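The values are calculated or read from the model by the stated rules, or taken from the named source; none is laboratory data. Every value quoted in this text rests on a predicted model; they were computed, and no experiment measured them. Because the Cβ atoms are built from the backbone with ideal geometry, glycine has one as well, and the counts that use them run over all protein chains shown. Remember, those area values only see protein heavy atoms, side chains included, never the ligands or the DNA or RNA. Shrake-Rupley method; radii C 1.70, N 1.55, O 1.52, S 1.80 Å.
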Amino acid sequence: MSHKSQAPDKLFSTPLDQINDFQFDEAVARVFPDMIKRSVPGYTTIIPMISLITERYAQAGSCCYDLGCSLGASTLAMRHGLRNTEASIIAVDNSRSMLERCGHYIELDNETTPVDLLLDDVRTIDYQPCSVITLNFTLQFLNIEDRLPLLRKLYKALQPGGVLILSEKLSFDEPATQNEQQELHWLFKKANGYSDLEVSQKRNAIENVLIPETTKTHHERLTAAGFDASFTWYQCFNFASIIAMKSV
Ligand code: GEK
C-alpha cells in the first residue's frame with residue numbers, strides 16, 4: 001500500500017461554498033487513518049482493547065464479524081485476538097473505497113486467521129452463528145429506526161456466551177453536560193491540529209449523518225434486542241464503548 005493511505009486529513013481546511021452531507025467516499029478513505037485518530041477521543045485505546053476482548057470471548061473455530069470495518073483497524077485488532085483459535089472473520093462495509101483499502105491492509109498483516117471482506121449493508125445481510133461482533137463507531141451512522149432491528153439480528157446470530165462490542169459517539173440528556181463534553185471534544189480536535197474552520201465545517205457535514213444517543217438509550221436498546229447484560233467498559237469525553245453479552 002502506498003504512503004498515500006496515510007495522507008493528512010485536510011478535507012475541511014479551506015472554506016467550502018457548500019457543505020454536503022459527509023460520505024465515506026474515496027477522498028475520506030484516503031485520509032481515514034489520520035482523520036479518525038485525530039477526531040475520536042479514545043480511538044487509539046479502543047482498537048488494541050478490541051484484541052483483548054476478542055481473545056476473551058471468541059469461541060474456538062467460530063466466526064466473528066467486524067461491521068463497518070472501514071480500513072480494517074478493528075478487523076486487524078480482532079484478528080490479533082484470534083491468534084491460534086481457528087476462528088475466522090467477516091468484515092463488512094458498504095463503502096467500496098473503504099473496503100478496497102481494507103483489503104490491502106489485511107494483505108500486509110502477518111496473521112493467518114482468514115478474513116472475508118463483504119461489500120454490503122450491515123442491515124440486510126444474513127448473519128451466520130458467531131461469537132464476537134464488533135460495531136466500532138458504525139451504529140451511529142444508521143437511521144435510528146434501523147438500530148433495534150439490527151441489534152435483534154445480531155443477538156440472534158450470537159452463540160451463547162458471545163458478545164457484541166459497541167462503540168459510539170454519545171449525547172447527554174443534561175444540557176450542561178452535553179455542552180461541556182462537546183467543548184472538550186472540540187478542544188481534543190484542536191489539540192490534534194484541526195483549525196476552528198475545520199471543526200465547524202466538519203460538524204456541519206456530519207450533523208445529519210451521525211446521530212449520537214445517550215448511554216442509557218444504548219443499554220435499554222441492547223436489553224430490548226435480547227442481550228442479557230451490557231456494561232460500558234470505556235469512555236473518553238463523548239465517546240464510549242460497551243460490551244453486550246448473550247448468556248451461556
Ligand atoms: C474502525 N470500525 O476503524 N453498512 C455497512 N457499512 C456501513 C453502513 C452500513 N449500513 N453505514 C456506515 N457504514 C472502523 C471505523 S467508521 C466510523 C468505522 C467513523 C460504514 C462506513 O462506510 C464507514 O466505513 C464505517 O461504517 C464507519 O474501527 O468514521 O466515525
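Annotations for the structure displayed:
- Check on Arg56, within 14 Å of the ligand (Cβ to nearest atom) and either within 13 Å of the chain's Cα centre (by Cα) or surrounded by fewer than 24 Cβ atoms within 10 Å (Cβ to Cβ) (or both): no
- Residue list for the stretch 71-106, restricted to those being near the ligand (Cβ under 9 Å from one of its atoms) and either open to solvent by 20 Å² or more (accessible area, probe 1.4 Å) or of a type in the set (Phe, Trp, Tyr) (or both): Ala73, Asn94, Ser97
- Which numbered condition Ile46 misses (of (1) open to solvent by 40 Å² or more (accessible area, probe 1.4 Å); (2) within 24 Å of Lys169 (Cβ to Cβ)): (1)
- Residues satisfying the stated conditions in the stretch 112-136, i.e. more than 9 Å from the ligand (Cβ to nearest atom), assigned to a loop (DSSP other than H, G, I, E, B) and at pLDDT 95 or above: Thr113, Pro114, Asp126, Tyr127, Gln128, Pro129
- Listed by position, the helices (runs of 4 or more DSSP H) enclosed by the stretch 158-229 that each have at least 2 residues that are modelled with pLDDT of 95 or more and polar (S, T, N, Q) are 175-191, 215-224.
- Qualifying position, being open to solvent by less than 40 Å² (accessible area, probe 1.4 Å) and β-branched (Val, Ile, Thr), among Ile243, Ile211: Ile243
Residues checked against (1) in contact with a Gly (Cβ under 6 Å, 6 or more places away or on another chain); (2) open to solvent by 20 Å² or more (accessible area, probe 1.4 Å); (3) among the polar types (S, T, N, Q):
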{"site": "Gly162", "(1), (2), (3)": "no, no, no"}
{"site": "Lys169", "(1), (2), (3)": "no, yes, no"}
{"site": "Asn179", "(1), (2), (3)": "no, yes, yes"}
{"site": "Leu187", "(1), (2), (3)": "no, yes, no"}
